[in-house]
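Scroll down for the structure; my scribbles are underneath it.
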Amino acid sequence: MNFDKELNARNLSCPLPIVKTKKALNDMTSGQVLKVFSTDSGSVKDMAAFAEQTGNPLLAQEEANGEFIFYMKKK
């Protein structure tokens, strides 16, 4: 999937992946896609909830080698 910005939130515990995702999205323009890497298993639920609460669509998520990868579009 194409993305405009990448965020490394590996080895960060809740709530830091969400805090850093929010900050990264604030620096982006509407329609851009953020790719987030996280190793916190709690981020799966957190990213879904964050997307729903903020209206920034979670386009996709995947897991590979103990990492969680999220693609979020700035509303």
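Points worth noting:
- Rounded to 5, the percent of DSSP beta bridges in the chain classed as antiparallel: 70
- Database remark: amide H of Gln32 closer than 5 angstrom to the amide H of Lys74 (H placed geometrically; neighbours at sequence offset of 5 or more, or on other chains; Pro and chain starts carry no H).
- Summed over the residues of the chain and divided among them, the accessible surface reaches 59 Å² per residue at a probe radius of 1.4 Å.
- Karplus-derived HN-Hα couplings along region 39-54 (A = 6.51, B = -1.76, C = 1.60, θ = phi - 60°), whole Hz, x at Gly and Pro: 10, 7, 4, x, 5, 4, 5, 4, 5, 4, 5, 4, 4, 5, 6, 9
- For Leu12, the residues whose amide H sits under 5 Å from its own are Thr39, Asp40, ignoring neighbours fewer than 5 places away on the same chain, with H placed 1.01 Å from N.
- At 1.002 mPa s and 20 °C, Stokes D of the chain from Kirkwood alpha-carbon radius, µm² per second: 180
The values are calculated or read from the model by the stated rules, or taken from the named source; none is laboratory data. Since this is a predicted model, take the numbers as computed values, not measurements. Quick note on the areas: whole protein, heavy atoms, side chains included, nothing else; ligands and nucleic acids left out. Shrake-Rupley method; radii C 1.70, N 1.55, O 1.52, S 1.80 Å.
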